[in-house]
Amino acid sequence: MLDKYTRVYSTRILTPAARGMLRLGLGPDAVTVIGTLGVVAGALIFYPQGEFLWGTLFITAFVFFDNIDGIMARLQGRTSKWGAFLDSTLDRFGDAAIFGGLAMWFAGDGDNLRMVGLLIACLTLGAVVSYAKARAESLGYTAGGGIAERADRLVAILVVTGLVGLLDLPVVVLEVLLWALTAASAWTVWHRVDTVRRQAALE
């Protein structure tokens, strides 16, 4: 949902940065890779140590690369299926690192197996949300929409994790979010499966 309503504004804000990176000689693919490496590094270095605020700030700085690479490609007139494929594939690494890094903390010093289970559930269901859409499109169907697309999940987990670190909020705040994300992701999977089922029934 966030992606639908904020894309125009984020494009306006990030276009100057995209132009600057092009002037530096960076290409969209390089920015995609750099952004992913930054997200993965931040999540796996800071979160397992319980550094929720610094981890979130570090990750957020690199998350913007996920939008900048697409803007760069459009400015160059070089949007391609390869770029979209690379971007979507590397996104999975970033998601896995964020939820996995948090799970590492709660499996260790955080000492909360319920949180570990919720984080794994969010990661798994989030992957299925993306897979359902990709598989449907490969078969000629459409399966977008829902209430827990990647942008929604990413903003929610980063904002709440950062606030927990900044304000020293109790872990239950993050737990409530994870329950909500689990439910929203499960509903989105069902929605996409049902969408494809209805399309298939008309053939």
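The values are calculated or read from the model by the stated rules, or taken from the named source; none is laboratory data. Every value quoted in this text rests on a predicted model; they were computed, and no experiment measured them. Glycine also receives a Cβ, built like all others from the backbone with ideal geometry; neighbour counts cover every protein chain displayed. Please note that ligands, DNA and RNA were not included when accessible areas were found on the heavy atoms of the full protein model with its side chains. Shrake-Rupley method; radii C 1.70, N 1.55, O 1.52, S 1.80 Å.
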task: Pairs only if they're at least six apart or on different chains, beta carbon under 9 angstrom, first in segment 74-86 and closer than 22 Å to Leu37 by Cβ, second open to solvent by less than 70 Å² (accessible area, probe 1.4 Å) and polar (S, T, N, Q); list them, first residue then second.
output: Gly83/Thr32; Leu86/Thr32
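For (1) modelled with pLDDT of 95 or more; (2) surrounded by 17 or more Cβ atoms within 10 Å (Cβ to Cβ), each residue gets a yes or a no:
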{"site": "Leu57", "(1), (2)": "yes, no"}
{"site": "Phe62", "(1), (2)": "no, yes"}
{"site": "Asp66", "(1), (2)": "no, yes"}
{"site": "Ile71", "(1), (2)": "no, yes"}
{"site": "Arg78", "(1), (2)": "no, no"}
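So which of Gly110, Gly144 ends up being over 20 Å from the mean Cα position of the chain (by Cα), outside any helix (DSSP H, G or I) and not hydroxyl-bearing (Ser, Thr, Tyr)? Give the steps one after another, and end with the answer.
Details: Gly144 fails: over 20 Å from the mean Cα position of the chain (by Cα).
Of the residues listed, the single one that is over 20 Å from the mean Cα position of the chain (by Cα), outside any helix (DSSP H, G or I) and not hydroxyl-bearing (Ser, Thr, Tyr) is Gly110.
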statement: Expected single match for in contact (Cβ under 8 Å) with a residue 60 or more places away in the chain and among the hydrophobic types (A, V, I, L, M, F, W, C) among Val164, Val160, Val172, Val176 is Val164
message: Any residue that is open to solvent by 50 Å² or more (accessible area, probe 1.4 Å) and touching a residue at least 60 places away in the same chain (Cβ under 8 Å) - is there at least one of those in segment 87-97?
response: no
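Looking only at segment 136-149, decide whether some residue is open to solvent by 70 Å² or more (accessible area, probe 1.4 Å), within 28 Å of Asn67 (Cβ to Cβ) and among the acidic types (Asp, Glu). Before the answer, list the steps.
Initial filter on segment 136-149 (open to solvent by 70 Å² or more (accessible area, probe 1.4 Å)): 137-139, 142, 147.
Narrowing the set further to residues that are within 28 Å of Asn67 (Cβ to Cβ) leaves 137-138, 142, 147.
Next, from what is left, pick out any that are among the acidic types (Asp, Glu): 137.
Within segment 136-149, one or more residues are open to solvent by 70 Å² or more (accessible area, probe 1.4 Å), within 28 Å of Asn67 (Cβ to Cβ) and among the acidic types (Asp, Glu).
Please find, among Ala61, Ala84, Ala96, Ala107, the residue that is touching a helix residue (DSSP H, G or I) at 6+ places or on another chain (Cβ under 6 Å) and of a type in the set (Gly, Ala, Ser).
On the way: Ala61 fails: touching a helix residue (DSSP H, G or I) at 6+ places or on another chain (Cβ under 6 Å); Ala84 fails: touching a helix residue (DSSP H, G or I) at 6+ places or on another chain (Cβ under 6 Å); Ala96 fails: touching a helix residue (DSSP H, G or I) at 6+ places or on another chain (Cβ under 6 Å).
Answer to the selection: Ala107.
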- request: Could you identify the single residue in Leu123, Leu154, Leu119 that is buried (at least 18 other Cβ atoms within 10 Å of the Cβ), out of contact with any helix residue (DSSP H, G or I) (no Cβ under 6 Å at 6 or more places or on another chain) and assigned to a helix (DSSP H, G or I)?
  value: Leu154
